[in-house]
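Data first, discussion second: the structure below is written as structure tokens.
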Protein chains: 2
Amino acid sequence: MYGLIGRMLSVDGQRDALLDLLLEGTGEMPGCVSYIVARDPKDPNGIWITEVWETQAHHMASLKLPAVQTTIAKARPIIAGFAERFETEPVLRS
Amino acid sequence: MYGLIGRMLSVDGQRDALLDLLLEGTGEMPGCVSYIVARDPKDPNGIWITEVWETQAHHMASLKLPAVQTTIAKARPIIAGFAERFETEPVLRS
């Protein structure tokens with residue numbers, strides 16, 4: 001399994017719009033076991049994204065999906081940057 | 001929604017034993033929407049835990065569940081400490 005924990009920063013006042021885009025464009029991604037977005041209560045522009053993928057290859061492939069490409073294009077103008085980023089190896093219940 | 005992202009440190013050589021305990025004792029927790037444990041590829045003792053709860057109260061209540069209390073007691077001797085800890089406000093797809 002492959003996992004990611006990251007914090008994305010929206011431009012001021014655009015967090016909810018960015019959250020909506022992230023939720024809209026990431027519904028159907030092959031190999032995606034979990035994709036959760038969350039507000040950072042300590043930063044009005046912070047969004048935590050925690051992901052679990054069957055493999056890293058599935059994650060890489062998802063970046064080429066039309067829906068994800070559309071989301072990235074729409075989101076780019078309201079993304080101010082990226083903060084923490086951790087790769088993980090999820091272990092699921094057998 | 002209430003979420004947690006944290007990194008727990010096992011004592012040397014005990015990460016897999018700690019992972020097993022975490023998976024074993026956290027299966028049935030009221031209000032738990034997601035509970036994922038993962039190895040930290042950069043730290044042989046690091047375990048990332050990402051949680052989503054319906055409410056913070058559900059999370060607090062879970063700490064009193066017999067199964068969780070048993071897990072905590074079993075795990076305590078092989079937990080060396082805690083590193084990063086972030087609280088979040090998950091936003092789920094409608």
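The values are calculated or read from the model by the stated rules, or taken from the named source; none is laboratory data. Fair warning: this is a prediction, and the values are worked out from it, not measured in the lab. So basically every Cβ, Gly included, is an ideal-geometry build from the backbone, and we count neighbours across all protein chains shown.
Before moving on, here are some points about what is shown:
- Count of the stretch A:29-45 residues which are more than 11 Å from every other protein chain (Cβ to nearest Cβ) and either part of a loop (DSSP other than H, G, I, E, B) or farther than 17 Å from residue A:3 by Cα (or both): 5
- Condition met for residue B:26 (farther than 18 Å from residue A:39 by Cα and away from chain A (no Cβ under 12 Å)): no
- Residue within the stretch B:74-87 that is facing another protein chain (nearest Cβ under 9 Å), surrounded by fewer than 18 Cβ atoms within 10 Å (Cβ to Cβ) and not charged (D, E, K, R) present: no
- For the stretch B:46-59, the candidate set comprises residues that are out of contact with any Gly (no Cβ under 7 Å at 6 or more places or on another chain) and farther than 19 Å from residue B:18 by Cα; within that set, the residue that is farthest from the other protein chains (Cβ to nearest Cβ) is B:57.
- Selected residue [at pLDDT below 95 and either of a type in the set (Gly, Ala, Ser) or in a strand (DSSP E or B) (or both)] from A:83, A:67: A:67
- Here is the figure for the stretch A:60-73: residues that are more than 14 Å from chain B (Cβ to nearest Cβ) and either in contact with a Cys (Cβ under 8 Å, 6 or more places away or on another chain) or over 20 Å from residue A:11 (Cβ atoms) (or both) total 9.
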